[in-house]
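Chemist: Shown below is the structure under consideration.
The values are calculated or read from the model by the stated rules, or taken from the named source; none is laboratory data. Note that this is a predicted model, so its numbers are computed, not measured. FYI the Cβ positions are ideal-geometry reconstructions off the backbone, even for glycines, and counts take in every protein chain you see.
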Amino acid sequence: MYNNQEAHAMFPPQGSNFLGATAPPASMFDNVPGYEGTAMGGGGGYLPPPAPAYPPPAPEPSPTQPEWNIPSISEDTAREAFRLFVSNHCCWSSGPAKDGMITAMDSFNTYRYRLETFTEARATEWAHEQYNGQPVNAYTQPAPGPWDIQVQPPAHFQEQSTHVMVPYTSSVKECHECLGQGREPCTECAGAGNKVCWVCNGAGVRTGDDQCNHCNGRGRENCSACHGHGSKECDACRGKRQLHVYIQLNVKWTNNKDDFVVEQSSGLKVENLNSVSGKELFKDTQYLVFPVMGFPDPAVGQAAERLVREHQNKYSQSARILQQRQTIELIPITKVTYKWKGGTHTYFVYGNEFLVSTEDYPATCCCTVM
Ligand SMILES: [Zn+2]
Ligand SMILES: [Zn+2]
Ligand SMILES: [Zn+2]
């Protein structure tokens, strides 16, 4: 919006104070009750939602507790995943994966607790657009509060943003960019309408005493950007000299997500688990969830309690919580020990996707080991 501020400041036209012209005068913005702090270009931050008229019902534990049952993978599944993994490394010999003898399958299954809090945040700013005869309605009725305006949210947990005009705040004002002139100085020629000839660089002659035939010896040429006028149509009002000014409400829906993964001692790095899914053991979606209770691993219950408290404190300050969802996934991790040519080696199979990780494959170069 202010990209031509520099040009204005450098080349003030006669008789007007162009230095101050791009800063909109205070008179541009009406005093709208309930919107006193609203600035142009936003920057005011999100508005705290008002306290609800009726306190929402406190979340309660669900009366039926889920059955927690824990699956495991078979040797065949492990071997097949390993074989596939090795075949994707072009230099690795398939021997150990094919002929290695599995001596142990140890399960290090772990849990991932996830809490999602879906919020709506609102902020306001003064905005303007070119005036094309839009109806204006400032002061015809009191403007509704920022949280009283109906805005259709997306499906829960879908992130999105939108903006709407706040009713009863719109008016027509003189354009502050061009001071109501409809035109502003051309930035290409500094408002002169012509500029130094690029062929003779202003000399009017070329090598020797030959007249420059590009500028006919004038040393200057017409500015093509403004066709010699020295000015061009104002960007802000598109030459209409007036602006439609109003308060805009910006609405943003965010899914705030936190994970907790129970520590496990398999030796597999926990970062590996970010790329896999698990078996969903529990899912609970409510306006406000109650921390899951009675789960066999107490670390999950503790994390749930902490995250639910954190989210409900943190996200109700500057936004409105629309929905929460907590899930527990079981992420299968199997540590497979196998023997190959007298040595003992290990690999991990993890996630619903049966991803494999290994750090001691005995045949990582097929040309030397055969
Ligand atoms: Zn010339
Ligand atoms: Zn020009
Ligand atoms: Zn203008």
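Chemist: Going by the structure shown, is E174 within 16 Å of ligand 3 (Cβ to nearest atom) and touching a residue at least 12 places away in the same chain (Cβ under 8 Å)?
Modeler: Numbers: within 16 Å of ligand 3 (Cβ to nearest atom): yes; touching a residue at least 12 places away in the same chain (Cβ under 8 Å): yes.
In short, yes.
Chemist: Here is a follow-up. Hey, E129 hits all of (1) within 16 Å of ligand 3 (Cβ to nearest atom); (2) buried (at least 17 other Cβ atoms within 10 Å of the Cβ); (3) on the phi < 0 side of the Ramachandran plot but one; which does it fall short on?
Modeler: So the condition that E129 fails would be (2).
Chemist: What number of residues within region 62-90 are assigned to a loop (DSSP other than H, G, I, E, B) and either at pLDDT 80 or above or loosely packed, with under 13 Cβ neighbours inside 10 Å (or both)?
Modeler: Within region 62-90, the subset assigned to a loop (DSSP other than H, G, I, E, B) is 62-74, 88-90.
With the extra rule that they be either at pLDDT 80 or above or loosely packed, with under 13 Cβ neighbours inside 10 Å (or both), the set shrinks to 63-65, 67, 69-74, 88-90.
Of the residues in region 62-90, 13 are assigned to a loop (DSSP other than H, G, I, E, B) and either at pLDDT 80 or above or loosely packed, with under 13 Cβ neighbours inside 10 Å (or both).
Chemist: I've got another one for you. D297: modelled with pLDDT of 90 or more and charged (D, E, K, R), yes or no? Walk me through how you get there before you give the answer.
Modeler: Details: modelled with pLDDT of 90 or more: no; charged (D, E, K, R): yes.
No: the conditions fail for D297.
Chemist: Additional query: Out of the strands (runs of 3 or more DSSP E) lying entirely within region 212-278, which hold 1 or more residues that are under 30 Å from F157 (Cα atoms) and among the acidic types (D, E)?
Modeler: On the way: elements: 220-222, 231-233, 242-261.
Ranges flagged: 242-261.
Chemist: When only residues in region 337-358 that are among the small types (G, A, S) and over 41 Å from the mean Cα position of the chain (by Cα) count, which is surrounded by the most Cβ atoms within 10 Å (Cβ to Cβ)? Break it down stepwise before answering.
Modeler: As a first pass, look at region 337-358 and keep what is among the small types (G, A, S): 342-343, 351, 357.
Those still in the list that are over 41 Å from the mean Cα position of the chain (by Cα) too: 342-343.
On the way: G342: 6, G343: 11.
Applying the filter and picking the extreme gives G343.
Chemist: Also, I was wondering about something else. Take the residues in region 196-253 that are charged (D, E, K, R) and over 30 Å from H128 (Cβ atoms), then tell me which one is farthest from the chain's Cα centre (by Cα). Give the derivation first.
Modeler: Taking region 196-253 as the starting set, the residues that turn out to be charged (D, E, K, R) are 206, 209-210, 218, 220-221, 232-233, 235, 238, 240-241, 252.
Restricting the remaining residues to those that are over 30 Å from H128 (Cβ atoms) gives 206, 209-210, 218, 220-221.
Numbers: R206: 57, D209: 63, D210: 61, R218: 55, R220: 49, E221: 48 Å.
Ranking the candidates gives D209 first.
Chemist: Going through V251, V196 one at a time, which residue ends up being touching a residue at least 12 places away in the same chain (Cβ under 8 Å) and either of a type in the set (D, E) or within 16 Å of ligand 1 (Cβ to nearest atom) (or both)? First the steps, then the outcome.
Modeler: Working: V251 fails: either of a type in the set (D, E) or within 16 Å of ligand 1 (Cβ to nearest atom) (or both).
Result: V196 is the single residue among V251, V196 that is touching a residue at least 12 places away in the same chain (Cβ under 8 Å) and either of a type in the set (D, E) or within 16 Å of ligand 1 (Cβ to nearest atom) (or both).
Chemist: Scan region 107-156 residue by residue and report those that are in a loop (DSSP other than H, G, I, E, B), under 23 Å from the mean Cα position of the chain (by Cα) and of a type in the set (F, W, Y).
Modeler: The initial filter retains those residues of region 107-156 that are in a loop (DSSP other than H, G, I, E, B), namely 108-109, 131-156.
Right, trim to under 23 Å from the mean Cα position of the chain (by Cα) and you get 146-147, 151-156.
Once the filter is applied, which keeps residues that are in a loop (DSSP other than H, G, I, E, B), under 23 Å from the mean Cα position of the chain (by Cα) and of a type in the set (F, W, Y), region 107-156 yields only W147.
For every residue, the table says whether it meets (1) surrounded by 19 or more Cβ atoms within 10 Å (Cβ to Cβ); (2) under 20 Å from R122 (Cβ atoms); (3) free of Cβ contacts under 8 Å to residues at least 40 places away in the same chain; (4) more than 24 Å from the chain's Cα centre (by Cα).
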residue	(1), (2), (3), (4)
V292	yes, no, no, yes
G301	no, no, yes, yes
E305	no, no, yes, yes
V308	yes, no, no, no
N313	no, yes, yes, no
Q317	no, yes, no, no
Q324	yes, yes, no, no
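Chemist: Take the residues in region 202-238 that are in contact (Cβ under 8 Å) with a residue 40 or more places away in the chain and more than 16 Å from ligand 2 (Cβ to nearest atom); name whichever of them is surrounded by the most Cβ atoms within 10 Å (Cβ to Cβ).
Modeler: Kept after step one, since they are in contact (Cβ under 8 Å) with a residue 40 or more places away in the chain, are these residues of region 202-238: 226, 229-238.
Checking which are more than 16 Å from ligand 2 (Cβ to nearest atom) leaves us with 236-238.
Details: A236: 21, C237: 26, R238: 15.
So the residue we want is C237.
Chemist: Can I ask one more? Tell me which residues, restricted to region 177-190, are within 14 Å of ligand 3 (Cβ to nearest atom), crowded, with 17+ Cβ neighbours inside 10 Å and in contact (Cβ under 8 Å) with a residue 60 or more places away in the chain.
Modeler: The answer is E177, C178, L179, Q181, E184, P185.
Chemist: Please go through region 178-195 and pick out each residue that is among the charged types (D, E, K, R) and either in a strand (DSSP E or B) or farther than 27 Å from Q130 by Cα (or both). Walk me through it before giving the result.
Modeler: To start, the set of residues in region 178-195 that are among the charged types (D, E, K, R) comprises 183-184, 188, 195.
Matches in region 178-195: R183, E184, K195.
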